[in-house]
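K.L.:
Can you keep this structure in mind? I'll have questions shortly.
The values are calculated or read from the model by the stated rules, or taken from the named source; none is laboratory data. Keep in mind that this is a model prediction, so the values were computed, not measured. Here Cβ is always computed from backbone atoms with ideal geometry, including for glycine, and neighbour counts include all displayed protein chains.
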Amino acid sequence: MTGAGGGENGERNKASQPGSKVEPCTRQAVMQRLTNSGVQRTGNTRVRAIRGSIIDACDVFTQEDRQITGVGTVILACGGREDNALYYEVAGKVGEVHLVGDANGVRRINDATREGAIVGRAL
């Protein structure tokens, strides 16, 4: 994906609807910002290689190869990963510690955010 002024603008994603796993309110805000920045979203695309400003890609259904040229920036979103190291590092050393969000298990953003909000309000 490239932003304004960075060659061909586009999001390449193997999902049929890029951003489909993001909760609706966040997705709408993000998609609006991307569109306003000139980013074009393309689903059903798999990146095979990145060589400088050239991306070798293919359609996920037909496997038809194509090249995307003039790319200035590539952003990879590789999914969530639980990371609770900080919790275990400070647990027992400080007063009150809560394990929330993706540190408590990878899930959808709205679920992790809601859990954080519940704990935050309780404090």
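K.L.:
Take the range 36-58 and flag every residue that is out of contact with any Lys or Arg (no Cβ under 8 Å at 6 or more places or on another chain) and not small (Gly, Ala, Ser).
P.N.:
Asn36, Val39, Gln40, Arg41, Arg48, Ile50, Arg51, Ile54
K.L.:
Sticking with this one: Against the conditions (1) in the same structural domain as Lys21 (by TED's automatic domain parsing); (2) closer than 23 Å to Ser20 by Cβ; (3) out of contact with any strand residue (DSSP E or B) (no Cβ under 9 Å at 6 or more places or on another chain), where does Gly43 fall short? Just the number, please.
P.N.:
(3)
K.L.:
Which one of these does Val94 not meet: (1) closer than 29 Å to Arg46 by Cα; (2) hydrophobic (A, V, I, L, M, F, W, C); (3) assigned to a loop (DSSP other than H, G, I, E, B)?
P.N.:
So Val94 meets the others, but not (1).
K.L.:
Still on this structure, I have one more. Which members of the range 67-96 meet the condition of being touching a Leu at 6+ places or on another chain (Cβ under 9 Å) and surrounded by 14 or more Cβ atoms within 10 Å (Cβ to Cβ)?
P.N.:
Scanning the range 67-96 gives Asn84, Tyr87.
K.L.:
Continuing with this model, one more query. Exactly one of (1) exposed (fewer than 12 other Cβ atoms within 10 Å of the Cβ); (2) within 18 Å of Val22 (Cβ to Cβ); (3) hydroxyl-bearing (Ser, Thr, Tyr) is unmet by Thr113. Its number?
P.N.:
(1)
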